[in-house]
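What follows is a short report on a single structure.
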There are 2 protein chains.
Amino acid sequence: MYTSHLLPSASSATFPAFGLSSEALTLESLFASLPVDKFAAGEGVFWEGDAASDIFQIAEGCLRLYRILPDGRRAIIGFRFAGEMLGLSCEGTYCYTAEAVTPIRLRRLSRARLRAMSEGDGQLQSLLLAKVFEEIRAAQQHIVVLGQLGAEERAAHFLVSAARRTGADRKRPVVIELPMTRQDIADYLGLTIETVCRVMSKLKRDGLVTLEGRHRVILVRVADLQQLAGELDSAEPWERQASPWCPPQWPH
Amino acid sequence: MYTSHLLPSASSATFPAFGLSSEALTLESLFASLPVDKFAAGEGVFWEGDAASDIFQIAEGCLRLYRILPDGRRAIIGFRFAGEMLGLSCEGTYCYTAEAVTPIRLRRLSRARLRAMSEGDGQLQSLLLAKVFEEIRAAQQHIVVLGQLGAEERAAHFLVSAARRTGADRKRPVVIELPMTRQDIADYLGLTIETVCRVMSKLKRDGLVTLEGRHRVILVRVADLQQLAGELDSAEPWERQASPWCPPQWPH
DNA sequence: GAGCCTCTGTTACGAACTGTTACGTACTGG
DNA sequence: CCAGTACGTAACAGTTCGTAACAGAGGCTC
């Protein structure tokens, strides 16, 4: 799981890459027949304050969710990847801006229609509620990370979470792809870009990871990274299937 | 609103002190006939990992919600006050420990029973969902505070939020009562107790607040405090009624 | 109710960490 | 291939932390 909001998708439901789970199929099928919207990298899907009329499922790509403070600082609340949903936990207006990190394709479902569909469908309601609870749990995890962990610990947590989320932690070597920029990571972890660089370099120097280019990290000593991360994950219910992962080809 | 989780109660529903709102009555009436449990200050109501069998409504007093990290650090996720609910957004097991800050009285409703009651009751479902959404919004607010604000800004935000939450910001002078200890505030704001003291002293020295004993703060220059807090509140939908407030008599 | 005791809170100062600024390098896209 | 952007590194500055000493409030005993 990605520190917190990187993996706010399913708790009991899963998102296998080819839709083998019956529970997941229920949710996936809601979107399956909908047309696909495309957005270029850097494009916004919706903005904080917009009427929250739709929810989205990401068919492909990666988004960042953020809020801008009055003085211009940017707080990234989380990232969303292929297979995950977007905008479910907003009511009235979106409480953050959603922007494409990579080129993305997503399907749009109006909130009104979802409401109509879930009316009287207890199973669907449960699935949606599970996603909302998952999002709360992820947010609380993020709160713990930002409030209690130091820079190196936050970075370790970010990496370990990414590995778990993508399922990379079940292969050897553990290779994770990070489509977002260092600035994105910094704004997500509550650090500056320089501190992120420093810490990544230190992890590399200490032999915990290997860096291949800007967007690929190989976790060498996973157990040590997990310990650095405060082992916040191990007690977490993220024992789940990986979401489909976009191929490593995002330009910046 | 309290930085974030201090006020995760209602978004559309309100909790007037004497239950005058019809929406609030719907939720309040769920608990009204239930027996009252009492807990002494420092006592735990439930623990992280416990089966989340019940949800609670606080009749009186204040609780802290926290998680303990493997190395002993304590992260306070939020506080809960009289009139608010507890344990709603957990599924399966509680994801934090709830502990009385002051002597508390609360009413317990089993999750199974709530489920049965809400089955087929669309209005009740909406009310509960609104509370869950409110909690997510509060958590995201807390993420922004912990990730982007400095120590003084966090403290200012904490105070302004407390004022808004208790309705103290609509009177002059703005007097807020903080039943929790400095250590609680520190663990909530991601600071050390010394930094909390230092910052509070600085706010006092700068004439922004007056401190009366350990648990009472008078906000002198509210607008300046709000600006320090990043004005995160002003754009927030916390334009709501205050919850009933416990009398200022908590010993430590 | 007086006095002692313990716990909480406050302040000071040095240490550690993170932010800031600046500059050089690597990658990306045209 | 070139220009622009993102990234990495280093030196310096600022903030926060950690330790420690002290002050004050509340509780307890007598």
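The values are calculated or read from the model by the stated rules, or taken from the named source; none is laboratory data. Just so it is clear, the model here is predicted, and its values are computed rather than measured. Neighbour counts run over all protein chains shown; Cβ positions are idealised from the backbone, glycine included. The accessibility values were calculated without ligands, DNA or RNA, using every heavy atom of the protein model including side chains. Shrake-Rupley method; radii C 1.70, N 1.55, O 1.52, S 1.80 Å.
Could you list, in sequence order, all residues of region A:216-236 that are assigned to a loop (DSSP other than H, G, I, E, B), open to solvent by less than 40 Å² (accessible area, probe 1.4 Å) and either at pLDDT 90 or above or away from DNA strand D (no atom under 16 Å from the Cβ) (or both)? Walk me through how you get there before you give the answer.
First, the residues of region A:216-236 that are assigned to a loop (DSSP other than H, G, I, E, B): A:220-221, A:229-236.
Then drop every residue that is not open to solvent by less than 40 Å² (accessible area, probe 1.4 Å), which leaves A:229-230, A:232-233, A:236.
Within region A:216-236, A:229, A:232, A:233, A:236 meet the criteria.
Report yes if residue A:136 is under 25 Å from residue B:125 (Cβ atoms) and β-branched (Val, Ile, Thr), otherwise no.
Values: under 25 Å from residue B:125 (Cβ atoms): yes; β-branched (Val, Ile, Thr): yes.
Yes; evaluated as a whole, the condition is true for this residue.
Please enumerate the residues belonging to region A:65-91 that are basic (Lys, Arg), surrounded by fewer than 24 Cβ atoms within 10 Å (Cβ to Cβ) and under 16 Å from the mean Cα position of the chain (by Cα).
So the first thing to find is which residues in region A:65-91 are basic (Lys, Arg), and the list is A:67, A:73-74, A:80.
Remaining after also requiring surrounded by fewer than 24 Cβ atoms within 10 Å (Cβ to Cβ): A:67, A:73-74.
Residue satisfying the conditions is A:67 alone.
Considering each residue of region B:30-50, count those that are open to solvent by less than 30 Å² (accessible area, probe 1.4 Å) and either in contact with a helix residue (DSSP H, G or I) (Cβ under 6 Å, 6 or more places away or on another chain) or more than 27 Å from residue B:75 (Cβ to Cβ) (or both), and give that number.
Here the count works out to 3.
Testing residue A:69 on (1) touching a Lys or Arg at 6+ places or on another chain (Cβ under 7 Å); (2) farther than 29 Å from residue B:120 by Cβ; (3) among the hydrophobic types (A, V, I, L, M, F, W, C), one condition comes back false. Which one is that?
(1)
Out of all the residues in region B:185-213, which are more than 9 Å from DNA strand C (Cβ to nearest atom), without any contact (Cβ under 8 Å) to a residue 24 or more places away in the chain and open to solvent by less than 40 Å² (accessible area, probe 1.4 Å)?
B:207
On the given criteria, is residue B:77 assigned to a strand (DSSP E or B), at the interface with another protein chain (Cβ under 8 Å from one of its Cβ atoms) and closer than 25 Å to residue B:181 by Cα?
Details: assigned to a strand (DSSP E or B): yes; at the interface with another protein chain (Cβ under 8 Å from one of its Cβ atoms): yes; closer than 25 Å to residue B:181 by Cα: yes.
So residue B:77 passes the test.
Consider region B:55-74. How many of its residues are of a type outside the set (A, V, I, L, M, F, W, C) and more than 13 Å from chain A (Cβ to nearest Cβ)? Can you show your working first?
Start the filter on region B:55-74 by keeping residues that are of a type outside the set (A, V, I, L, M, F, W, C), which leaves B:57, B:60-61, B:64, B:66-67, B:70-74.
Subset that is more than 13 Å from chain A (Cβ to nearest Cβ): B:57, B:60-61, B:64.
Qualifying residue count, region B:55-74: 4.
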